[in-house]
1. With respect to Gly111, determine if the residue is within 26 Å of Pro95 (Cβ to Cβ) and either within 48 Å of the chain's Cα centre (by Cα) or of a type in the set (A, V, I, L, M) (or both).
2. Give me the residue from segment 140-153 that is at pLDDT 85 or above and exposed (fewer than 10 other Cβ atoms within 10 Å of the Cβ) and, out of that set, nearest to Leu116 (Cα to Cα).
3. How many residues are in a helix (DSSP H, G or I) and either surrounded by 10 or more Cβ atoms within 10 Å (Cβ to Cβ) or among the aromatic types (Phe, Trp, Tyr) (or both) if we restrict to segment 96-108?
4. For Ala64, only one of the following conditions fails: (1) open to solvent by 100 Å² or more (accessible area, probe 1.4 Å); (2) small (Gly, Ala, Ser); (3) at pLDDT below 75. What is its number?
5. Looking at Gly122, Gly111, Gly129, which is the one that is surrounded by 10 or more Cβ atoms within 10 Å (Cβ to Cβ) and outside any helix (DSSP H, G or I)?
Amino acid sequence: MLEGARTHKDGAAVALRGHQGAVLLASLLLAAAAQAQQVAPPEPVEPPPPTTQGDVTTLGEVRALKPDDEPLDLYRFKNPVQVQPNRFSRTWSEPPSPEQVSMSGGYLMMGINKGLAAAAQGVNKLTGGPDQIQSASARPPPELTDEEQRRAQEVCAQQGGCPVLPEP
């Protein structure tokens, strides 16, 4: 029998050299392609020379701007009619968007919360309790007595002078 040949069960001889040569050629081609894809390592970068106290580089002022809430859509319909507020404007509220509905638990939870708020409002009205949301009221400015104003002026005069307030 030939060297590099073997026999199958049925006795046919198969040459292995051709198959081995093809495998060797394919592996060499793959190795060459892999080597061609490798990138050469970058050259080392020298660090900048140390700076003295007077050679410090500073950046200019940077401001972060808030993006617009709504992007400009040139093809969106703009209603030419501007309606002035009227008596119905206080009680009217736009229906929630599907996103708002899903974020607040769905229509069922929104209905339950609205019912609870109405019940709490009714209880407050029956018992005469304060509203849940109350408007803010500012306290009056502090009033100094004549004696306190005189002492304050003396302290200001000792410290180098303060603006004189007009007498009421």
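The values are calculated or read from the model by the stated rules, or taken from the named source; none is laboratory data. Everything quoted here is computed from the prediction, not taken from an experiment. We place every Cβ from the backbone using ideal geometry, glycine too, and count neighbours over all the protein chains shown. The protein model used for the area step is the full one, side chains on, heavy atoms only, and it has no ligands, DNA or RNA in it. Shrake-Rupley method; radii C 1.70, N 1.55, O 1.52, S 1.80 Å.
1. Details: within 26 Å of Pro95 (Cβ to Cβ): yes; either within 48 Å of the chain's Cα centre (by Cα) or of a type in the set (A, V, I, L, M) (or both): yes.
In short, yes.
2. This residue is Glu143.
3. So the count comes out to 5.
4. Of (1) open to solvent by 100 Å² or more (accessible area, probe 1.4 Å); (2) small (Gly, Ala, Ser); (3) at pLDDT below 75, only one is false for Ala64: (3).
5. Numbers: Gly122 fails: outside any helix (DSSP H, G or I); Gly111 fails: outside any helix (DSSP H, G or I).
Just one listed residue meets the conditions, Gly129.
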